[in-house]
1. Give me a comma-separated list of calculated 3J(HN,Hα) values for region A:135-141, in order, Karplus coefficients 6.51, -1.76, 1.60 applied at θ = phi - 60°, integers in Hz, x for any Gly or Pro.
2. For region A:183-205, list whatever residues lose no less than 40 Å² of accessible surface once every protein chain is in place, relative to that chain by itself, with the probe at 1.4 Å.
3. Restricting to Cα pairs below 8 Å that are 6+ residues apart, what does the relative contact order work out to for region C:485-570? Please round to a whole percent.
4. Efficiency by 1/(1 + (r/R0)^6): what FRET value for B:Ala242 and A:Val234, r their Cβ-Cβ distance, R0 = 51 Å, to the nearest 0.05?
5. Work out how much length C:Arg427 to C:Glu516 would gain on full extension: take 0.36 nm times their residue separation and subtract the Cα-Cα distance, in nm to one decimal.
6. Return the distance in nm (one decimal) between the two label points of a simple spin-label model at C:Ile527 and C:Lys266, each offset 7 Å from Cα along Cα→Cβ.
7. Using 1/(1 + (r/R0)^6) with R0 = 51 angstrom and r between the beta carbons of B:Gln65 and A:Asp191, what's the FRET efficiency to the nearest 0.05?
8. Write down the percent of antiparallel bridges among all DSSP beta bridges whose residues are both part of chain C, to the nearest 5.
Amino acid sequence: MSANATFNIFRGDRLGGELKEYEVPVAPGMVVLDALHYIQGHAAPDLAVRWNCKAGKCGSCSAEVNGKPRLTCKTRLDDLPLAEAVTVQPMKSFPVIKDLVTDVSWNYRVNRKIPPFHAPESVEWKMDQRDVDRVQEFRKCIECFLCQNVCHVLRDHSKQEQFGGPRFFVRVAGLEMHPLDDVSRTHLLKDELGIGYCNITKCCTEVCPEDIHITDNAIIPLKERVIDDYYDPVRWFLRKLKGKNNGA
Amino acid sequence: MAEPGTAVHRGRFGASMRRDAWWVELVPVVLVLGAFSIYATWRAFENNYYEWGPYLSPFYSPLLQPSWWPFSPAILILGGPLGFRATCYYYRKAYYRAFFLDPPACAVGEARSHRYRGETAFPFILQNLHRYFLYVALIFLIILWYDAVHAFFFDGRFGVGVGSLVLLTNIILLSFYTVSCHSLRHIVGGKVDCFSCVAFGGPRHKTWKGLSFLNEHHMLFAWLSLFSVGLADLYVRLVASATIQDLRLL
Amino acid sequence: MNEKFETHEHDVLIIGAGGAGLRAAIEALGHGASVAVVCKSLLGKAHTVMAEGGIAAAMANVDAADDWRTHFRDTMRGGKFLNNWRMAQIHAQEAPDRVRELEQWGALFDRTSSGDILQRAFGGHTYKRLCHVGDRTGLEMIRTLQDRGVHLGIDVYMECAVTRLLKDGDRIAGAFAYWRETGRFVVFKAKSVVMATGGIGKAWRITSNSWEYTGDGMALAYEAGAELIDMEFVQFHPTGMVWPPGVQGILVTEAVRGEGGILRNKEGERFMERYDSEKMELSTRDVVARAIYTEVREGRGTEHGGAYLDISHKPAEYVKRKLPSMYHQFRELADVDITQGPMEVGPTCHYMMGGIRVDAETAQATVSGLFAAGEAAAGLHGANRLGGNSLSDLLVFGKRAGAAAAEHAKRSTPVNIEAADVEKAAREMLEPFERAAGDSPYQIHRELEELMQNYVGIFRNEEDLQKGLAALDQLQQRAAGVKVEGSRLFNPGWHLARDLKSMLTVAEAVALSARERKESRGAHSRIDYPKYDETWAKQNNVIVRDGDRMRLKQTPIDEMAPDLRKIVDV
């Protein structure tokens, strides 16, 4: 039981850094975050790691384990090939602050662009579970930002200025599909959050620790709504005929 | 955005710390889509062996043969199904990854820096027309159902040949592929925020739930129906060119 | 040292961005104040996200007979009548409106068939009372408050830790803090400060709490001269994970029992029959925690020293729908499918009933300009908190604290911060870097956790508490000489060194109060004094700073208003 595992962990800051090797004794059921804590407590007291709940509920401990974006608190050592060293690196799409901690403040700035929930005056606060079910999936998001990290539009093409990223499509989906919300956000989706940059290659869905079907249930339905308002020639023509502009 | 200063983390093509063989999932997509495209193009231009007895190849249905058209009739109609598949949300994922390497796989670096505009500009902005290809595909579906039923009538009398079953299987798989479409799911109920507030909300919700279930398997139906449509054509070709004999079962 | 410190000035400074802090911020903003929220983590990661079961509010959507009186009675009975009864009354009366408000800000609760907010059963609550969203109610709540607050324009200072409250004479004038990211210091000038810092569970080894729960708010308030009460009442949640070792202590929501989960010992016996044959698994948390602990101690525990909690008699689909995160948690972390077999569970340190003494109406502490809400404040829960009363506490008293803090700021004249105080606070933070030798903060923390687990745990006695206090004294001396390695740039060792100071302060307060209360009541169980004591039924333990020493005194509990007395005497 007391075999050792080797970890190669990125140590450094915005100026640069390198992978450093650490030995950690393995216990049953151990996760990568446990190993990081062990290293903090015994070898590198200043190893910077974000974490809170250690139960997959807060989304703080995101990193790239053997190149895959993961929550370190849910990545078990017995699922990793321990014959070779385990590599732990910070999320690539965000600037490194120190070691495994990255600057994710861009996400909070994007969130501010999204108009909040708004219900019509005098609405009766009754909702059907059927209608609530769909939105509750999006509300599961724990903001670990792994989807933002893996999305190639941000990761490889650095479209932070033009593109909001999967997390915020999930957030907008939660508002747009809220049974009592009366704000249209298709303009925002098209122009501010750049949903057209998404080429639905689904990496966000693959990494989501909450199993939210980001692409199929949030992004594609939102793309369809944007099409309704902006890219559907027949609807456009009908709107012209009626002389009114629905939500656009 | 900033990079941590390790060489291993830079965005070279294929650069990744992933330990698994991430490229493995690209290989079948490249091979199958590639082979299908070559086969379909060849068959469309061949202009021969598309009909035998009650069987009509799906590549040539509906069979339009206007006198002013000198080429293969397939070319007149292939745009419909081709457009439906080309703009399909699943196939987009598959070919953006396998053929455009954008991205090649999750958390794997892309080929040098290129100007990326996604689906915001020509040509890919046309993907937004998927729903119109869906409408066309639904018409094709009716026609192909007619063909499939027709394939059970030999000289006006009911009968079953292997070809009848091949065409029937094909149209069933095509039906699953078509109704599991994301755009259809949107039109049927996806656009509704409050099923309990709209007319026919109950039935719409049920339909939407059903289509959502099928939609989860859209990828599976996409591949199965691709194989079935290719094999159905191949079967008709083999029989029509007398390479093999159609086996009558009934 | 003439470093020029970054300074921010606001009317109201809120420390902590969990449910209470955010609710207070929204309210203070509504009262026209300029509001800053400072939090140690990123926004939205506060411990509130861990809350699973639901928000207790007598909305009577499921059980029409429910009303605030029953909720009030349940809360008082659960707290063994040590509660501040006025707080319990306000809480029971206002909780339903606070829940409706959340819904109007976009929260989506599970629904009844008639479209209202669905409510579930929970330990100690007479009726089905917990408004919930599957088993992730806290996440829904914090996201709703977070988005509301951000769009109203609260300034949030994320990953910023307060190390000292600053005073202007007898009143609060602001706080001194450091940015976790850069290690640079920052001064906040404010007329009102709201403590919404949560609990203290990180001082125990087996805990459901995160690293943030180091008792900062209580320790800072104590240092600023505020009174702490009921510090002996630490809630051990009956059901934490016990296996594998890495996940020990992680919470298993009470909703499992609320949805019909059954507790059994190694012999398959439904042992709650022997401890509370009426309420069984849905007895109050103190009772269930002691029951499990006793079963294990008497040799009827499971393989890994816990009890079996089984929900697998319910349909698998139902379990996955109502308890999705429990299903995933056990499948991913313990290889257990809870729809097929039982979970292994045991008590885990969970919640602090004690804390900063506040006024029931305004949430003001005993220092002018200082307010407290949520787990950092004390009074509402008495000797034991009912499940679900925490989230409603955050909303009800968060709102009140925010309003009172804003009003206080309006009435106040400008505050002044002494440069010398700021210098002193900065020096204190830099010292650990300058020491040539000293313990590692991680080592001290491990010893503290072990000590509290062993000597100040679920069952207590004079001898253990005495040993604990002596050991704490030793640790405090060593902690004063810890050595920190590395730079000020995001350095968790350095952060822990500061957090240790808070943990040691509250740990001492807990042990002192526990030794003094020579009876068993609610979460406080003395093996050497197993019964209720009439004298102790009428007084609270109060911790107050006396020079550099911690002093313990008792204050009498106010006589309950006669109309309320009638309600609880039914």
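The values are calculated or read from the model by the stated rules, or taken from the named source; none is laboratory data. Just so you know, these numbers come straight off a predicted model, no measurement behind them. Cβ coordinates were reconstructed from backbone atoms using ideal geometry, including for glycine residues, and neighbour counts include every protein chain displayed. For accessibility, only protein heavy atoms count, side chains too; no ligands or nucleic acids. Shrake-Rupley method; radii C 1.70, N 1.55, O 1.52, S 1.80 Å.
1. Once θ is set to phi - 60°, the couplings for region A:135-141 become 6, 4, 4, 6, 6, 6, 4 Hz.
2. Residues shielded by partner chains are A:Gly196, A:Tyr197, A:Asn199, A:Ile200, A:Thr201, A:Cys203.
3. Working: 61 pairs, mean separation 14.4, N = 86.
Worked out over region C:485-570, it gives 17 percent.
4. Numbers: r = 47 Å, r/R0 = 0.92.
It comes out at approximately 0.60.
5. On the way: separation 89, 0.36 × 89 = 32.04 nm, distance 3.56 nm.
Here the segment from C:Arg427 to C:Glu516 would lengthen by 28.5 nm.
6. Spacing of the two 7 Å Cα→Cβ label points: 1.9 nm.
7. Numbers: r = 48 Å, r/R0 = 0.93.
Efficiency computed from Cβ-Cβ geometry: 0.60.
8. Working: 45 of 70 bridges.
Around 65 percent of the beta bridges assigned by DSSP in chain C are antiparallel ones.
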